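Take a look at the structure set out below.
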Amino acid sequence: MLPTLWSLVLAARGLPPLRLFVIFAAGSFVMRSAGVVMNDFSDRSFDRHVARTKVRPLASGELSATHAVLVAGLLLLLAGILVLFLDPLTILLSPIAVLLAAIYPLAKRVIHVPQAMLGIAFGWGTIMAWTASRGAIDAPAWCLFTATICWAIGYDTIYALQDREDDRRIGVKSSALLFGSSAWIAVGIVFCAMLLLLGLAGWLTDIGWIYYAALAAIGAWCLRQALQLRQSVTTPVAFHMFQQHVWVGTAVFIGMIAGFLL
C-alpha cells in the first residue's frame, strides 16, 4: 500500500483526493491478499518442507486447492470492482497487476533474485496510482516504481535470511543464497539506490527540504540495518528487521506530505 500512497502524494503535490486514497488503500489490501493466496497455492509443495511455512493452511492440508481458487477469485473480483471507479488508462493497466502477482511465485524457481519480481509486482501500484491522478505516466512515477523494486530486494532479502538452509535443501532460489556473506553489501546498495530514486522523484516534483531531511534520516537507519547484517542474524531478528520496514515506508509517506505542506 505504501508505495501507491507515495505516488498519490507526489502526483497531487500534497494530500491526494480522498476517493483515490480509499480506492488504492483498499485495492492494495485486496490485491496483496490475492497475491498471498496465489503464492501459497503455488508453493504448497515447497512449504511442506520448510520449518517456518509447513503450518500454512494449504501446505498442511487444512484448506484445499479449491478453497484457494475460490478465495483468490473473490479477491480479484473485488479488486476489479474497485478498478472500475478509475479512469480508462488505469483500467487498461490493471490486468498487468494481476499478471505480475501470478508470476511472482514462479520466479523463485527461475531467477536467483525473485525479490526483484516481488518489487515489480508491488511497484506496479505506483504506476496505476500516478495514472489515476495525472492521466499519464511521467518520470517521477518510474522513479517510484524502480525505488519500490530496490526496496523490496532489500527488505525481502532480509526476510529470506530466515529460510536459507531450507531453500538450499529444496532448491528454491533466493537473493539471500545468491549474496551469501555479502548480503549486507547488497542490501546496503539497493537501499542507497532506493533513496536516490526517491530523492530524484521528489526533485522532479519540486518537493520541499523536509522530505530530503526525512530521506537522510531513513538512510542512516538503513545503513545501520545493513551493517547489522555483517554478522549472522537469527530467524527472529531477521523477521523483526523485515517488519521494521513498515515504518520506513510510513516515514517516506509522512516526509512527502510534510515536504509539500510545510
Checklist entry - R0 = 30 Å: FRET efficiency of A26 with S64, Cβ-based, nearest 0.05? => result 0.60
Checklist outcome for this item: Within the set Q115, Q243, Q162, GNM on the chain using Cα springs under 10 Å gives the largest fluctuation to Q243
Next on the checklist: Which residues among segment 74-102 fall inside the zone where the amide N is under 15 Å from a point 7 Å beyond the Cα of R19, along Cα→Cβ?
Outcome noted: 82-91
Checklist entry - Going by average Cβ neighbours within 10 Å, how do the peptides 179-188, 127-136 rank, with the highest at the top? => result 127-136, 179-188
Checklist entry - At what distance in nm do the modelled label points of Q231 and L74 sit from each other, each positioned 7 Å from its Cα along Cα→Cβ? => result 4.7 nm
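Once you compute Rg and the Kirkwood Rh from C-alpha atoms, what is the Rg to Rh ratio for segment 113-170? Provide the component values of the computation, followed by the final result.
Working: Rg = 14.5 Å, Rh = 12.4 Å.
Computed over Cα atoms, the ratio is 1.17.
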Checklist outcome for this item: For P(r) over Cα pairs in 10 Å bins from 0, in percent, with candidates (i) 7, 29, 35, 18, 7, 3, 1, 0; (ii) 7, 25, 27, 19, 11, 5, 3, 2, 1, 0; (iii) 7, 29, 34, 23, 7, 0, the value calculated from the shown model is option (iii)
Checklist entry - What number, in percent, do you get for the relative contact order of segment 30-149 if the mean sequence gap of Cα pairs under 8 Å and at least 6 apart is divided by its residue count? => result 23 percent
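Could you work out the relative contact order of segment 2-261? I mean the mean sequence separation of Cα pairs under 8 Å and 6+ apart, divided by the number of residues, in percent. Walk me through the numbers before you get to the answer.
Working: 351 pairs, mean separation 60.0, N = 260.
Here the relative contact order equals 23 percent.
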Next on the checklist: Going 7 Å from the Cα of I111 along its beta-carbon direction, which residues of segment 129-153 have the amide nitrogen within less than 18 Å of the resulting point?
Outcome noted: 142-153
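Show that you can apply the helix-only estimate: for the chain, add -39,500 (n - 2.57) for every DSSP H stretch of four or more residues, divide by all residues, and state [θ] at 222 nm to the nearest 500.
On the way: 14 runs with 206 residues, N = 262.
Value at 222 nm, helices only, nearest 500: -25500 deg cm²/dmol.
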Item to check | Label-to-label distance, nm, for residues given as R52 and I91 (7 Å Cα→Cβ offset) | outcome: 4.1 nm
Item to check | In order through segment 23-31: 3J(HN,Hα) via Karplus (6.51 cos²θ - 1.76 cosθ + 1.60), integer Hz, x for Gly, Pro | outcome: 4, 6, 5, 5, x, 5, 5, 5, 5
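Rank by packing, highest mean first: peptides 227-233, 148-154, with packing defined as the count of other Cβ atoms within 10 Å averaged across residues. Mind dumping the intermediate values first?
Numbers: 227-233: 14.1, 148-154: 26.1.
In descending order of packing, they fall as 148-154, 227-233.
Read-outs: derived from the displayed coordinates by stated rules, not from any lab. The structure presented is a predicted model; accordingly, all values stated were derived computationally and were not measured. Note that each Cβ is placed from the backbone with ideal geometry, even for glycine, and that neighbours are counted across all protein chains shown.
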